[in-house]
Amino acid sequence: MKKDNQLYKINRRDFIKKTGLMGASGFILGIQLSCNDKKEFVTGDASSIFKPNVYINIAGSGIVTLLAHRSEMGTGIRTSLPLIMADELEADWKKVKLEQAVADEKYGDQNTDGSYSVRMFYPQMRKAGATVRRMLEQAAANEWKVPVTECTAKNHEVVHTSGKSFGYGYLAEKANKIEIPKDADIILKNPKDFKFIGQKTSIYDQEDIVTGKAIFGLDTILPNCKIALVKRNPEPGPGLVSFNDTATKAVEGVFKVFALKNNPFPMGHQKPLGGVAVVAENTWAAIKGRDVLEVIWQKGSNSNYDTEAYMTQMLKDVNGRGDVKRVIGDVGKAMDVATKTIKTDYIVPHISHTPMETPCAVAHVKKDGNVEIWAPVQDPQTTRKSVAAALGIDISKVTINITLLGGGFGRKSKPDFVIEAALISKEIGGPVKLMWTREDDIQHDYFHFNSAQHIEVAIDEENKVSGWLHRSAFPPIGGTADPNAKVASGAELSMGMIDNPIDTPNISMEVLKATAKTRIGWLRSVANVHHAFAVGSSIDQIAHERGVDPAQNLLDLLGADRTIEFGKLSKDFWNYSEKEVDFPWQTARLRKTIEMVKEKSGWGKTMPKGSGIGISAHRSFLTYVACVVEVEVGADGRIKIPMVHYAVDCGVAVNPDRVKSQFEGGAAFASSLALKSEITMKGGHVQQSNFDDYFVARITDAPYATEVHIIESTEKPTGVGEPPVPPFLPALCNAIFAATGKRVTKLPIDLSKIS
């Protein structure tokens, strides 16, 4: 049995045991040999199943079942990856059925995070579909006793040059007897022959979602299932001194009250907070029982955490020297001889994910020791491992069923809430549905890091940028697991800071220490959020000081078309886990997005009084994006966003409809970050609790219209879930400056505090 990237054949017993492994490095097929021989040209024996790999199943009826192994949270990935297979398979999409995979290593990486699902699996999904197509063609050739070169798969049939054909259902049984083709015999489609890839396709679950039939995590329930809520220490990490459940047990419907072990800070990303579980017959009883539960909490190492004081210290730090992560020339000298200098500090607060569906999970720890869970999770495999570890059982005993996610944004890649459900189920000896209220969600999140940045720019006597100094301080994500992690990682700094493509002879990128004082996690676009805000806003400041049109200024600073090898400029550079040779940083691609968004937005048009237009461009998750935002600012400071334009180069756009929807949603998400969202803490406690004091963009705050212009490309596909957010933030702030003359340097925006 080969263990490299070759395909191989295994018997049924091995298939059931091992099924096949597919990871970032290779794709393994397993054939099962058990079908009856019955000749029907369109369909075959209803009991026959052709399952050439863990993703594709062809029944004798002709129905093709494709397995979706990534989590669906509105991105359309549950549709897009199977769509790639279906295209290479030459399947009729109307005869395709999708099934959601459970958590299992055999499916390869299932972590639906980091905007890399299509990027990671595009070539492998194509190969999977093309391999099965070839096997079906060979099966038909064997039946007709003709060369396989005379047989072509087309729209769920294999057609001979004479015109005769066999349906996939009929060939399913025959294909079981075909050896796995060698790589040299697998012919991928010419892109000009794609019928799904690059075409608008509605998501598979669309009808069920709009008619209310779709099952999300919160919709899941089991017979005899109890409802549980947990009361947690407001400060993450410390446990409880004592609790009094007398009043709680007096609430009709309360079933059981007990303590859950806490995990001291920093507890990492795979352990729950602990607290006191209240289990009841219904949600209302669980909520009321928890409300009257009396708890005396311990205090921990972060009981003095005050975000205002913390931000003051970070601002002080970034105005001093930091650890240099990238340097060219002599920035100090450039500043000394500059004709003009710009010095600006930028602030971004903690932010909560607040998906519309709060964390939730249904767990059943059974008497036989097996555990079954239904949950809206982004990282099923880590969840499975974490549950097994928490229960002290073998991972093979844990089944994770992935429901649709009502939003995620990175929050549901953490398994803490699922572990809570499993522990509670074990304690009560039956199935339980764990609920997080909105207050739980906001106060016990893995927050986006707060940050302070300082940028200095030198402009020389020729009116060119001659120096760029950027300092950044924020508690790293790693600080949630490691108390010694006080400096941002290369990955975090490569999200809009050390990968800045500005063409200037003097550069210094520096990072300052900052210690995590609460749980920190990745949120949509991660460190690109604050870095793009600061960099994009500073670039607009440069345009104003130079007296140059902001769009032209962007192009000027981008410089000549070139490939930038950031790996040679900084040992800390990270290219989203890809080799630079495979996904090079090409300024020409960013330039093209800027030029396109200028054209499509009507850049340069005269704006009415009180209105403004702003532009910014940014590369994140290997995708190049330029954004133009139009704003109207009322006399009362109220900001309206009538129009947003994006130009996007994401390589091959597998499903343009989903690309556009991600950018439309990204603009709304970014509107919340810019206009509304802020988490503050005092005494280690989150001050906000619900949407009455943690504000998210309402329909009147979000962009009224968003146009997405996709650049046609044959380059490798890249991410689209996160790239909409970074350039929107500075483009909006730059538009506000154009409308009011007020320069925004702190999020969320409050124009009443800007002179």
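The values are calculated or read from the model by the stated rules, or taken from the named source; none is laboratory data. Bear in mind that the values here come from a model prediction, so they are computed numbers and not experimental data. Reconstructed Cβ throughout: ideal geometry from the backbone, glycine too, with neighbour counts over all protein chains shown. Accessible surface areas use protein heavy atoms only, side chains included; no ligands, DNA or RNA. Shrake-Rupley method; radii C 1.70, N 1.55, O 1.52, S 1.80 Å.
Given contacts defined as C-alpha pairs under 8 Å and at least six residues apart, what's the relative contact order of the chain, whole-number percent?
Numbers: 1830 pairs, mean separation 97.7, N = 755.
Rounded, it is 13 percent for the chain.
Could you tally the net charge around GLU712, taking each other residue with its Cβ under 13 Å from the Cβ of GLU712, Lys/Arg +1 and Asp/Glu -1? Please report the intermediate quantities before stating the final value.
Details: positive: LYS192, ARG589, LYS592; negative: ASP649, GLU715.
Once positives and negatives cancel, what remains is +1.
Around MET495, what is the net charge, scoring Lys/Arg as +1 and Asp/Glu as -1 over all other residues with Cβ under 13 Å from its Cβ?
Working: positive: LYS325, ARG524, ARG619; negative: GLU492, ASP499, ASP572, GLU722.
Once positives and negatives cancel, what remains is -1.
Using Cα-Cα distances under 8 Å and only pairs 6 or more residues apart, what relative contact order does segment 100-233 have, in percent?
Values: 76 pairs, mean separation 25.1, N = 134.
Normalised by residue count, the contact order of segment 100-233 is 19 percent.
Highest mean first, how do 287-294, 572-579, 53-60 rank when packing is the count of other Cβ atoms within 10 Å averaged over residues? Intermediate results must be reported in sequence, preceding the final value.
Working: 287-294: 18.6, 572-579: 16.8, 53-60: 24.2.
Listed from highest to lowest mean packing, they are 53-60, 287-294, 572-579.
Counting each DSSP H run of 4 or more residues in the chain as -39500 (n - 2.57), what helix-only mean residue ellipticity at 222 nm follows after dividing by all residues, to the nearest 500 deg cm²/dmol?
-8500 deg cm²/dmol
Express in nm, to one decimal, how much length is gained between ASN190 and ASP693 on full extension, taking 0.36 nm for each residue of separation and deducting their alpha carbon distance. Walk me through the numbers on the way to the answer.
Working: separation 503, 0.36 × 503 = 181.08 nm, distance 5.37 nm.
This chain segment gains 175.7 nm when fully extended.
Of VAL210, GLY169, ASN233, which is farthest on the positive side of the dipole of segment 166-252, counting Cα position, with +1 on Lys and Arg Cβ, -1 on Asp and Glu Cβ, and the Cα centre as origin?
Looking along the dipole axis, the top candidate is GLY169.
Kindly write out, for segment 695-708 in residue order, the coupling ³J(HN,Hα) from the Karplus curve 6.51 cos²θ - 1.76 cosθ + 1.60 (θ = phi - 60°), rounded to whole Hz, with x marking Gly and Pro.
Coupling constants for segment 695-708: 8, 10, 5, 8, 4, 7, 8, 5, x, 6, 8, 10, 9, 10 Hz.
At 0.36 nm per residue, minus the direct Cα-Cα distance, what do GLU150 and GLU715 gain on full extension? Give it in nm, one decimal, please.
Details: separation 565, 0.36 × 565 = 203.40 nm, distance 3.16 nm.
Contour length minus the Cα-Cα distance gives 200.2 nm.
Using each residue's phi in segment 716-732, evaluate 6.51 cos²θ - 1.76 cosθ + 1.60 at θ = phi - 60° and report the 3J(HN,Hα) Karplus result to the nearest Hz, with x for Gly and Pro.
In residue order, the calculated couplings are 4, x, 10, x, 9, x, 9, x, x, 6, x, x, 5, 4, x, 4, 5 Hz.
Please state the shape class of segment 207-260: rounded when a/c is under 1.5, otherwise prolate if a/b exceeds b/c and oblate if not, all from the C-alpha gyration tensor. It would help to have the intermediate numbers written out before the result.
On the way: a/c = 3.73, a/b = 1.85, b/c = 2.01.
Oblate.
Cα gyration tensor of the chain, axes a ≥ b ≥ c as square roots of the eigenvalues: rounded (a/c below 1.5), prolate (a/b > b/c) or oblate?
On the way: a/c = 2.03, a/b = 1.21, b/c = 1.67.
In terms of gyration-tensor shape, oblate.
For SER303 and THR339 in the same chain, what is the full-extension length gain: residue separation times 0.36 nm, less their Cα-Cα distance, in nm? Walk me through the intermediate numbers first.
Details: separation 36, 0.36 × 36 = 12.96 nm, distance 4.77 nm.
My answer for the length gained is 8.2 nm.
Rg and Dmax in Å for segment 483-550, alpha carbons only: what are they?
14.7, 47
Going highest first, how would you order 133-146, 150-163 by mean Cβ packing within 10 Å? Mind dumping the intermediate values first?
On the way: 133-146: 20.7, 150-163: 17.1.
Peptide ranking by packing, descending: 133-146, 150-163.
Highest mean first, what order results for 171-177, 276-282 on Cβ atoms within 10 Å? Please report the intermediate quantities before stating the final value.
Numbers: 171-177: 23.6, 276-282: 21.9.
Top of the packing list down: 171-177, 276-282.
Each residue of segment 114-129 in order: what ³J(HN,Hα) in whole Hz does its phi give by Karplus 6.51 cos²θ - 1.76 cosθ + 1.60, θ = phi - 60°, with x for Gly and Pro?
With coefficients 6.51, -1.76 and 1.60, one gets x, 6, 10, 4, 5, 4, 6, 10, 3, x, 6, 5, 4, 5, 4, x Hz.
Cβ under 11 Å from MET509's Cβ, MET509 left aside: what net charge do those residues give with Lys, Arg +1 and Asp, Glu -1? Don't skip to the answer; put the middle values down first.
Details: positive: LYS325, ARG326, ARG471; negative: ASP323, ASP499, GLU510, ASP572.
Taking every Cβ under 11 Å from that of MET509, the sum is -1.
How much of the accessible area of the chain, in percent, comes from carbon and sulfur atoms when a 1.4 Å probe is used? Please report the intermediate quantities before stating the final value.
Values: 14740 of 29280 Å².
So the carbon and sulfur contribution to the accessible surface is 50 percent.
Which FRET efficiency value, to the nearest 0.05, do you get for SER242 and LEU315 by plugging their Cβ-Cβ distance into 1/(1 + (r/R0)^6) with R0 = 35 Å?
It comes out at approximately 0.30.
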